[in-house]
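Below is one structure; the comments refer to it alone.
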Amino acid sequence: MEKQTKYGGLDAFKIIAALLVVAIHTSPLTTYSPDGDFLLTRSLARVAVPFFFMVTGHFVLGGVLEGEQPVSSLWRQVKKILLLYLIAVILYIPVGIYAGHYQDLTPLSALRLLVFDGTFYHLWYFPACATGLLLVYLLSRVLRGWGLMAVTVLLYFIGLFGDSYYGLSAALPPLAAAYEAGFQVFSFTRNGLFMAPIFLLLGARLGRKPSSVPAAVNGIGLVLSLILLSAEAFALRHFDLQRHDSMYLLLPVVMVFLYRLLLDWKIQVPVACRTLSTWVYILHPAMIVVIRGFAGAVGLTALLVENSLIHYLAVCALAFLAAGVVTWFLSRRHPPQPSRSRAWIEVDRAALAHNVTALQALLPPGRQLMPALKANAYGHGALPVARELARLGVTAFCVACLEEGVQLRKGGLKGEILILGYTHPDQFPLLRRYKLTQTIVDFPYAAQLNQFGKTLPVHLAVDTGMHRLGEPSHHLEQICQIFAMKHLDIRGIYTHLCTADGTTPQDRAYVQRQVQAFSQLLEELKNRGLPLPKVHLQASHGLLNYPHLPGNYARVGIALYGLLSSYGDLTAVEADLRPVLSLHARVSTVKPLSPGSAAGYGLAFVAQRPTQVAVVTIGYGDGLPRSLSGGQVLIHGQRAPIIGRICMDQTLVDVTDLPAVQAGDQVTLIGTAGGETITAYDLARQGDTITNEILSRLGPRLERIVI
Ligand SMILES: *Cc1c(COP(=O)(O)O)cnc(C)c1O
């Protein structure tokens, strides 16, 4: 079963919180000690629901408030919460009817149930979560930092005086009247308006930064604040002030200590526990009904219902069983994705963001990046990279071919997507359907596109000396004719430099000639009164070596991924770029070779000494160059040589000098482990190629994980 350690404490407490919620609804200790039960269920167990709010705030709201995640991710989660709510509402219709909850229901009271109170006594949590998320997000648009926190505290106080401190409000007639008016709209103030926001925000804040407070301080703080909270609860009961008992003055304080402790709690918990607690929460009231019904039918009411503790345990057992079945059923419908199991790529989101900022800093104001997402974003995974870039504010992208553009659109990418290569006329309808921008590769192609008869957005490629795609820049007449074509919506004109990465005088002179030819063409078009579309001519090396060239876009590829094409490429401006990709695999087995025995295809490796050979789960079928035989990998933060010939799916590594390598161990082929680093440059040099090729050949069989 998949284990998870990072938030193990939170996952473990979800189970505890579920047990506490069941306790709140079954009062397990009443048979033995009513006061003991009050302590457990009316004070201590009140941490459960705020805890669930905080987890939601942590994972759903945190990134959005920091601007690290798009608002769309918040809407997605709200939709999920509402969907779950809908399922629960439907599930509880029969139980509610049986319990007589929905007698004399008016449209207005139904609305009130749906929006605030929940259609069954525990279901208020879901609309409260959605409302709270919405409210905090909207507040965060106008308030930041402590201001935002202060408003949620204020809301909490309003809730508090309608909940366990209501006796005080009731003593002040105007206040009592205000609350009574409120209670026309919702039955309790522990809802999405007054209770959820503070805990959602606390979760969002506490989840962001590791706590600098030692665990001992949090532990002592938790114990003390829980004692005070219990005292508060007993005092409020004693003075008969409580209208309800969900909200206490000390509850937010308790929650801060508790949450910090849980974040520090390193425990391994099966991932399935996360969904389990949700379903225990949803299902346990139904299980209470089932147990009561069953006990009545078989004459066990005295045992199963009247003994509060046995009743509680029976409800817990049944609720966990039912939740387990639902969780199992759902996990069968969505089998867990294999994660880091064989060979995978990790995409470093922070490095990508860093490179975007570094490259944007080189651009004059008004000029934008048009990242190249071709070849699966240079092996990084086009869709995850595109989403990340969109989140960073990038709105124009380029790809090599139609299929790549379609794949991005299907993944939901908005903005301009320019196809840099040729698209066959049979596929022109797809250009339209997926709103892709086609490159005009030359004059005859422009005529073909125009004949399609429906207006298409295009960029015109101009050949200024690379002699690859583009209408030659001196063909002024043809180019003007292209501009006159009725069905072409020419939004851009561009050229490509072929020696921008070179540093010799010849290379530089050639760039100047290309730039000159391009500017001259633009000048002539302008003189003819043609409206000039967007202009672009730099790729990565063009930007880094000639940052001052004019244009509206820079089509950056390799630099965005944190590399230059070759190690030691000198560039005019020094951009601080960080590699985005790392490549990993696993050891599948380790076997000894005695001196003189050989291994792999063609027995290319012959052991000179007693040798330990690790078989690693990656090969040229994943894009590892076969010429890498003789290269190195990292295991346990140490270098180990690749031996023999690289196979399609596997690679042999000599681990004789590494202690205790075992099956399952992680192997790094590109990236850092311990203090050692292997870069894409190392692989490129070994394979006598450039980093672009190494990266873009990394295959679809590799799992891609954004970290
Ligand atoms: C691939 C490509 C780019 C991006 O190149 P990098 O050198 O990786 O930045 C830009 N423009 C065109 C036309 C390309 O084909």
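The values are calculated or read from the model by the stated rules, or taken from the named source; none is laboratory data. Since this is a predicted model, take the numbers as computed values, not measurements. Cβ placement follows ideal geometry from the backbone for every residue including glycine, while neighbour counts extend to all protein chains displayed. Only protein heavy atoms, including side chains, enter the accessible area calculation; ligands, DNA and RNA are left aside. Shrake-Rupley method; radii C 1.70, N 1.55, O 1.52, S 1.80 Å.
At-a-glance table
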| quantity | calculated |
| --- | --- |
| Filter result (open to solvent by 10 Å² or more (accessible area, probe 1.4 Å), within 13 Å of the ligand (Cβ to nearest atom), touching a residue at least 40 places away in the same chain (Cβ under 8 Å) and at negative phi) within the range 372-400 | LYS374 |
| Exclusive hit being open to solvent by 10 Å² or more (accessible area, probe 1.4 Å), over 34 Å from the mean Cα position of the chain (by Cα) and modelled with pLDDT of 95 or more, set SER582, SER588, SER594 | SER594 |
| Residue that is touching a residue at least 24 places away in the same chain (Cβ under 8 Å), aliphatic (A, V, I, L, M), more than 23 Å from ILE24 (Cα to Cα) and loosely packed, with under 15 Cβ neighbours inside 10 Å, where the choices are VAL64, VAL71 | VAL71 |
| Looking only at the range 233-282, and only at residues there that are hydroxyl-bearing (Ser, Thr, Tyr) and open to solvent by 30 Å² or more (accessible area, probe 1.4 Å), the one that is nearest to the chain's Cα centre (by Cα) | THR275 |
| Residue in the range 419-434 that is closer than 24 Å to GLY551 by Cα, in contact (Cβ under 8 Å) with a residue 24 or more places away in the chain and either of a type in the set (Phe, Trp, Tyr) or in contact with a Pro (Cβ under 8 Å, 6 or more places away or on another chain) (or both) present | yes |
| Selected residue [within 33 Å of the chain's Cα centre (by Cα) and more than 19 Å from SER43 (Cα to Cα)] from ARG205, ARG190 | ARG205 |
| Count - residues of the range 9-34 that are in contact (Cβ under 8 Å) with a residue 60 or more places away in the chain and in a helix (DSSP H, G or I) | 15 |
| Residue within the range 437-447 that is under 22 Å from LEU522 (Cβ atoms), more than 16 Å from the ligand (Cβ to nearest atom) and either of a type in the set (S, T, N, Q) or modelled with pLDDT of 95 or more (or both) present | yes |
| Top-ranked residue of the range 492-519 - restricted to ones that are within 16 Å of the ligand (Cβ to nearest atom) and open to solvent by 70 Å² or more (accessible area, probe 1.4 Å), ranked as nearest to LEU420 (Cα to Cα) | ASP501 |
| Some residue of the range 660-676 being away from the ligand (no atom under 16 Å from the Cβ), farther than 18 Å from ALA343 by Cβ and among the hydroxyl-bearing types (Ser, Thr, Tyr) | no |
| Residues satisfying the stated conditions in the range 401-427, i.e. among the hydroxyl-bearing types (Ser, Thr, Tyr) and within 14 Å of the ligand (Cβ to nearest atom) | TYR422 |
| Scope the range 479-491; condition buried (at least 18 other Cβ atoms within 10 Å of the Cβ) and assigned to a strand (DSSP E or B); matching residues | LEU488, ILE490 |
| Residue selected from the range 551-598 under the condition of a type in the set (Phe, Trp, Tyr) and in a loop (DSSP other than H, G, I, E, B), by the criterion farthest from the ligand (Cβ to nearest atom) | TYR567 |
| Count of the range 157-169 residues which are assigned to a helix (DSSP H, G or I), open to solvent by 20 Å² or more (accessible area, probe 1.4 Å) and touching a residue at least 60 places away in the same chain (Cβ under 8 Å) | 3 |
| Selected residue (criterion: nearest to GLY551 (Cα to Cα)) from residues of the range 350-361 that are crowded, with 18+ Cβ neighbours inside 10 Å and in contact with a helix residue (DSSP H, G or I) (Cβ under 9 Å, 6 or more places away or on another chain) | LEU359 |
| Some residue of the range 623-641 being at positive phi, in contact (Cβ under 8 Å) with a residue 40 or more places away in the chain, surrounded by fewer than 19 Cβ atoms within 10 Å (Cβ to Cβ) and not in a strand (DSSP E or B) | yes |
| The range 520-550, subset polar (S, T, N, Q) and surrounded by 24 or more Cβ atoms within 10 Å (Cβ to Cβ), residue farthest from the ligand (Cβ to nearest atom) | GLN538 |
| Conditions (1) under 19 Å from SER164 (Cα atoms); (2) of a type outside the set (Phe, Trp, Tyr); (3) surrounded by fewer than 21 Cβ atoms within 10 Å (Cβ to Cβ); (4) within 33 Å of the chain's Cα centre (by Cα); number of the one not met by SER230 | (4) |
| Selection within the range 597-616 - at negative phi and surrounded by fewer than 20 Cβ atoms within 10 Å (Cβ to Cβ) | SER597, ALA598, ALA599, TYR601, ALA604, VAL606, ALA607, GLN608, ARG609, PRO610, GLN612, VAL615 |
| Output for the range 642-657, where each listed residue is without any contact (Cβ under 8 Å) to a residue 24 or more places away in the chain and in a strand (DSSP E or B) | ILE642 |
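Per-residue answers, yes or no, for (1) out of contact with any strand residue (DSSP E or B) (no Cβ under 7 Å at 6 or more places or on another chain); (2) part of a loop (DSSP other than H, G, I, E, B); (3) of a type in the set (S, T, N, Q):
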residue: LYS435; (1), (2), (3): yes, yes, no
residue: THR439; (1), (2), (3): no, no, yes
residue: VAL458; (1), (2), (3): no, no, no
residue: THR499; (1), (2), (3): yes, yes, yes
residue: VAL535; (1), (2), (3): no, no, no
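Results for (1) surrounded by 15 or more Cβ atoms within 10 Å (Cβ to Cβ); (2) outside any loop (DSSP other than H, G, I, E, B), shown as yes or no for each residue.
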position: PHE120; (1), (2): yes, no
position: LEU133; (1), (2): yes, yes
position: ALA150; (1), (2): no, yes
position: LEU155; (1), (2): yes, yes
position: ALA177; (1), (2): no, yes
position: GLU180; (1), (2): no, yes
position: PHE183; (1), (2): no, yes
position: THR189; (1), (2): yes, no
